[in-house]
Amino acid sequence: MSELAIYPGTFDPPTLGHLGLIRRILDLFDHLVIVVANNPKKMTLFSIEERLEMLRESLIGENFGEKVAIDSFDGLIVDYAKLKGAKAIVRGLRGSSDFDYEFQLNMINRHLNQQIQSVFLMADYQWFFIRSSTVKEAAALGADISDLVTPFVARKLAARFS
């Protein structure tokens with residue numbers, strides 16, 4: 001039986017840090033669904049459709065084949081995980097502030113469904129400082145962010161801020 005994990009996030013925009021985490025998740029799980037979350041609390045720069053497109057384009061050339069799917073979801077991520085039959089929700093951590101937030105999410109998810117495990121992976125050292133929000137801020141101010149995102153995402157950011 002193959003094991004499925006989900007990797008939820010806002011992905012506004014997806015970064016090379018996200019891609020690094022996706023590769024590492026696939027070292028642990030047979031299949032992965034990347035779930036673009038619609039979080040009404042977050043003011044996103046890109047629509048869900050644009051974020052899905054950026055993820056699809058960013059994964060071209062990765063040779064993941066049928067191992068990776070991309071989807072979006074409105075609602076509780078633990079409900080989505082149950083619906084898909086996922087064993088785990090995977091989240092990336094950069095530092096202690098991420099841990100505090102993710103710990104709280106894990107606790108409510110465990111309360112809602114004890115069958116779904118949370119798996120935390122530390123960001124690779126070269127991406128430790130990257131946040132989608134800081135990438136957007138830098139791009140808005142005209143910085144070269146081409147070493148933080150894929151070329152497609154860099155073009156989308158440039159077009160948005162031109």
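What follows is calculated from the coordinates using simple rules that are stated; it is not laboratory data. Values in this document were obtained by computation on a predicted structure and should not be read as measured data. Positions of Cβ are backbone-derived with ideal geometry, glycine not excepted, and every protein chain shown enters the neighbour counts.
Among 39, 106, 63, the largest mean-square fluctuation in a Gaussian network model of the chain, built with springs joining Cα atoms closer than 10 Å, belongs to 63. Here 80, 7, 125 are placed in order of increasing Cβ neighbour count within 10 Å, fewest first, which gives 125, 80, 7.
Calculated mean residue ellipticity at 222 nm for the chain: -13500 deg cm²/dmol, from DSSP H runs with n ≥ 4 weighted as -39500 (n - 2.57), summed, divided by the residue count and rounded to 500. Once the chain from residue 76 to residue 57 is taken as fully extended at 0.36 nm per residue, the excess over their C-alpha distance is 4.2 nm. Amide H to amide H, with H built 1.01 Å from N, residue 93 comes under 5 Å of 121, 122, 123, counting only residues 5 or more places away or on other chains. Couplings 3J(HN,Hα) of region 117-125, computed from phi: 8, 9, 10, 10, 10, 6, 5, 4, 4 Hz, in residue order, whole Hz [Karplus 6.51 cos²θ - 1.76 cosθ + 1.60, θ = phi - 60°; x for Gly and Pro].
What is the fewest-to-most order of 56, 91 by other Cβ atoms lying within 10 Å of their Cβ?
Lowest count first: 56, 91.
Using Cβ point charges alone (K and R +1, D and E -1), the dipole size of the chain about the Cα centre works out to roughly 220 debye. Rounded to 0.05, the FRET efficiency of the residue 107 and residue 43 pair, given R0 = 25 Å and the Cβ-Cβ distance, is 0.45. Stretching the chain fully between residue 162 and residue 131 yields a gain of 9.0 nm (0.36 nm per residue, less the alpha carbon separation).
Here, the chain yields an orientationally averaged convex hull projection of 9.4 nm² when only Cα atoms define the hull. Could you check the simple spin-label distance between residue 27 and residue 69, using points 7 Å along Cα→Cβ, in nm with one decimal? For residue 27 paired with residue 69, the spin-label model returns 2.6 nm. If the reach is capped at under 21 angstrom between alpha carbons, list the lysines near residue 87, excluding any in the same chain fewer than eight residues apart. The qualifying lysines are 67. Exposure proxy ranking for 43, 122, 54, 107, based on other Cβ atoms within 10 angstrom of each Cβ and starting from the fewest, stands as 43, 107, 122, 54. Amide hydrogen proximity for residue 69: with H placed 1.01 Å from N in the peptide plane, the residues at 5 or more positions away or on another chain lying under 5 Å are 32, 33, 34.
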